[in-house]
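Each value in this text was obtained by applying a stated rule to the coordinates, not by laboratory testing. Here the structure is a predicted model, which means the values were calculated and not measured. As a convention, Cβ positions derive from the backbone with ideal geometry for all residues, glycine included, and neighbour counts pool all protein chains shown.
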Amino acid sequence: MSEREDNLIVVLDIGSAGTRVLAADLNEGALRYRGHAAMDSSGMRKGLIADLGPAARVVKAAVEQAERVARANIDACVVGVGGPHIRGLNTNGGFELGSRMREITREDVRTAVERARAVERPPDREILHLLPRQFIVDEQPGIFDPVGMIGARLEVDLHIATCSGSALQSTVTCANRAGLEVTEAVLESVAAAESTLSADERELGVCLLDIGAHSSDLVVFFEGAVAHTASVPVGGAHFTNDLAVGLQMPLANAEQLKRQYGHAVVTAVPQNAEVEIANPQPQMLPLRTVAEILEPRARELLYFVKESLRQGGVLEALGAGCVLTGGGAMLPGMLDITESQLRVPARTGMPVRLSNLPGELAHPSFSTAIGMLLYAHRTRVTRAAENNGLKAKLRAIFAASF
């Protein structure tokens, strides 16, 4: 196994159902797959880490497996954060640049963002992302990057994505116990959007719905910026639980039945279609019975999504529709339910293909992990560019002094 590689990026996605570690490196400026591991999660309850010991052991085993595939030491990672504790809010802030118009600097942008983020929030809330929606220079809106422009006043419309501080700390502690240093935390819905949405969709207005096991995270983009983030307390595990209770069968059997024969629209299933199940004796089960259990839960999920969009003021802003990703997005009929509930077009969000990516990872269940790689890469490039710009300015100042 080689020494630690500076160009290696590793992400850790601890979900309710599965724990994933994905590693990639930079090859001529592009991300190239190096290795991964996917294991069943342990120590999780309702989308949160409930027992650090079992959760950390799974993470450690996944890291060791990913190390063997990648042939590299993994000691740092980017973690994903999602679940029912996610909250988002929009705010505004700004300041006068002075008595006379002058050029706007990067420091001015930071000051405006700091003014906008200075809103009251509960003490247990941690800020995950500060996402500018637009900048306003002297009452001129719609500016993406005001640096270098001339003005007398700078304002910013800002979206703040927050999470539970204890939930975030549990994720970091879990990674630490597995021998990993956490370098960054990323909102999972924002990461999933990174790997599934096009620039046109972000501009026209789109909702990305990441359907997990115990919750579904959503993010709305409008005019290229994040306008709304939230989480709803319904996920794929609730569909499975409904089947297990309704048909009086073990959860494992219910999950298999859902994956092989489930459908979210009753009328799309032929009336005479049946499947043989052992429950405990062999018997024939009409597939419409399965759909009759799953459809109400699917409609409930989209009802919560619609209410979240309405409360966020973005229900009418989905010009490009809704994109479903995550493992729960693969249930047949979910696109139909989404279109009927939200009255917008819907599609399944497949993650972009990295160089050398194995075929089994080109699946919605890996959208978040792949998106985390893309997000981490982009932020690394942005920071390097800012650092290089600062160094160039310092060199110029130093040279001018002599």
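Taking the Cα centroid of segment 149-176 and of segment 1-41, what is the distance between the two, rounded to the nearest whole Å?
A separation of 24 Å, based on Cα centres.
Say a site is exposed when it is one of the GluC sites (Glu not before Pro), sits in a DSSP loop, and has at most 10 other Cβ atoms within 10 Å; what is then the longest site-free stretch of the chain?
The longest such stretch corresponds to 140-402.
Simple spin-label model, 7 Å along Cα-to-Cβ: residue 50 to residue 248 in nm?
The modelled label-to-label distance comes out at 2.6 nm.
Mean-square fluctuation check for the chain, GNM, Cα pairs under 10 Å: which of 266, 81, 147 is largest?
147
Could you tell me the convex hull volume per residue, in Å³, taken over the Cα atoms of segment 230-348?
Dividing the Cα hull volume of segment 230-348 by its residues yields 91 Å³.
Evaluate the distance, in nm, between pseudo-label points positioned 7 Å from the Cα of residue 272 and of residue 362 along their respective Cα→Cβ axes.
3.8
Separation between the residue 380 and residue 336 pseudo-spin-labels, each 7 Å from Cα along Cα→Cβ, expressed in nm?
A separation of 4.4 nm, rounded to one decimal place.
Residue 89 to residue 30: extension gain in nm, 0.36 nm per residue of separation minus the Cα-Cα distance?
Length difference between fully extended and current span is 17.9 nm.
Return the whole-Å distance between the Cα centroid of segment 60-82 and the Cα centroid of segment 247-278.
The two parts, judged by their Cα centres, are 36 Å apart.
Do you know the Lys pair count in the chain for C-alpha distances under 27 Å, with sequence separation 8 or more or different chains?
Number of lysine pairs found: 4.
Can you tell me, using C-alpha contacts under 8 Å and at least 6 residues apart, the relative contact order of segment 230-348 as a whole percent?
27
Could you tell me how many cubic angstrom of Cα convex hull volume segment 87-163 has per residue?
81
Mind sorting 51, 108 by how few other Cβ atoms lie within 10 Å of their own Cβ, fewest first?
Ascending number of Cβ neighbours within 10 Å: 51, 108.
Of 118, 140, 161, whose Cα points farthest to the positive end of the dipole of segment 87-163 (charges on the beta-carbon: +1 Lys, Arg; -1 Asp, Glu; origin at the Cα centre)?
161
In a GNM of the chain with a 10 Å cut-off on Cα contacts, which of 261, 375, 33 has the highest mean-square fluctuation?
Checking each option, the largest mean-square fluctuation is seen for 261.
Test of understanding: in a Gaussian network model of the chain with alpha carbons linked when under 10 Å, which of 376, 191, 118 would top the mean-square fluctuation ranking?
Greatest mean-square fluctuation among the candidates belongs to 118.
Rounded to a whole number, what is D in µm²/s for the chain from Stokes-Einstein with the Kirkwood radius over alpha-carbon pairs (20 °C, 1.002 mPa s)?
D = 94 µm²/s.
What's the magnitude of the charge dipole for segment 176-249 around its Cα centre, counting Lys and Arg as +1 and Asp and Glu as -1 at the beta-carbon? Answer in Debye, nearest 20.
320
Using the Cα centre as the reference, give the magnitude of the dipole from point charges on the C-beta atoms of segment 87-163 (Lys, Arg: +1; Asp, Glu: -1; all else neutral), rounded to the nearest 20 debye.
Approximately 120 debye in magnitude.
Please give the charge dipole size of the chain, origin at the Cα centre, charges +1 on K and R Cβ atoms and -1 on D and E Cβ atoms. Round to the nearest 20 debye.
In debye, rounded to 20, the chain gives about 520.
Could you tell me which residue out of 29, 371, 90 lies farthest along the dipole of the chain toward its positive end? Charges go on the beta carbon: Lys and Arg +1, Asp and Glu -1, centred on the Cα centre.
29
Say a paramagnetic label sat at a point 7 Å from the Cα of residue 125, along Cα to Cβ; which residues of segment 48-91 have their backbone N under 17 Å from it?
82-91
Of 280, 195, 241, whose Cα points farthest to the positive end of the dipole of the chain (charges on the beta-carbon: +1 Lys, Arg; -1 Asp, Glu; origin at the Cα centre)?
Farthest towards the positive pole: 195.
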